[in-house]
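Single-structure report; data block below.
The values are calculated or read from the model by the stated rules, or taken from the named source; none is laboratory data. Since we're looking at a predicted model, the values are computed, not measured. Using ideal geometry, Cβ is built from the backbone for each residue, glycine included, and neighbour counts are taken over all protein chains shown.
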Amino acid sequence: MKKAATKAVTKTPVKKAAAKKAAASKAATKKAAAKKVAVKKAPVKTVAKKAAATKAPAKKAAVKKAVGKKVAAKKVVARKAAEKTVPAKKATRGKVAVAVTARQPAPAVKTKYKVVQYETDKASGRPILPKGYKPGVEEEYMSALQLEYFRHKLLSRREELVEESRQTIENLRGEVRDVGDEAERASRETENALELRTRDRYRKLISKIESIIRRVDEGDYGYCVDTGEEIGLERLEARPEAERTIDAQERWEHLRKQMGD
């Protein structure tokens, strides 16, 4: 009886240990199976997460670009509307509100010049001045007719100077050299010196007029050589050989005085 009891006692712990081992192995197999399933499912979830993560910035960028285009279009429309209509600005002075409107630029006025009919010389191609013609301010400044008018004036002025210079030379040649009185001889020499100086001035002026006639032929006559401004018809009528405006002429003469010329 004692042996049977001891055998039963020894068998029960063994059975318990085997049961525990079996339970532990079952739990381990379940865990392994669960891990395998988790590993299989994990890549799908991560791939989905990555795809969602990449799609989200693309969607955000597309939304930002669309919003930017709408804002730019609104700005363009607003700028065009502002260019078409200039709104009035209000300036407050104390308690009184004053409406200030921006001035629109005045449209360019198209001036219509008076056209004087004239004929053209077939040989030279120059205009033939009408009888009694004089330039007027209502005509186009330095038109072909006005240039021809001042060209005639310059040519006649040059002929006058040449004639006066020739007369001066003849007067000097006709002078009587043998004068008995010393005082009279001295006065004659002084007069001769003045005539020679006048002749030299005429020579320089003739050379200047010839250069101005060349400017007439080139179409540059009537404009200041320093500033390019219009000299004006009144000044040219008084002095056809003028090359500068009154202000430019005064500056030029003052500069010559400073240079000692």
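Observations on the structure shown:
- Taking first residues from the range 185-204 that are without any contact (Cβ under 8 Å) to a residue 60 or more places away in the chain and partners that are among the small types (G, A, S) and part of a helix (DSSP H, G or I), the Cβ contacts under 8 Å between residues at least 6 apart in sequence or on separate chains come to R199/S165; Y202/S165; R203/S165.
- The residues of the range 200-228 that are under 11 Å from L161 (Cβ atoms) and among the aromatic types (F, W, Y) amount to a single one, Y202.
- G222 vs. criteria touching a residue at least 60 places away in the same chain (Cβ under 8 Å), within 26 Å of V137 (Cα to Cα) and not aliphatic (A, V, I, L, M): yes
- Filter result for R199 (assigned by TED's automatic domain parsing to the domain that holds S165, under 33 Å from the mean Cα position of the chain (by Cα) and among the basic types (K, R)): no
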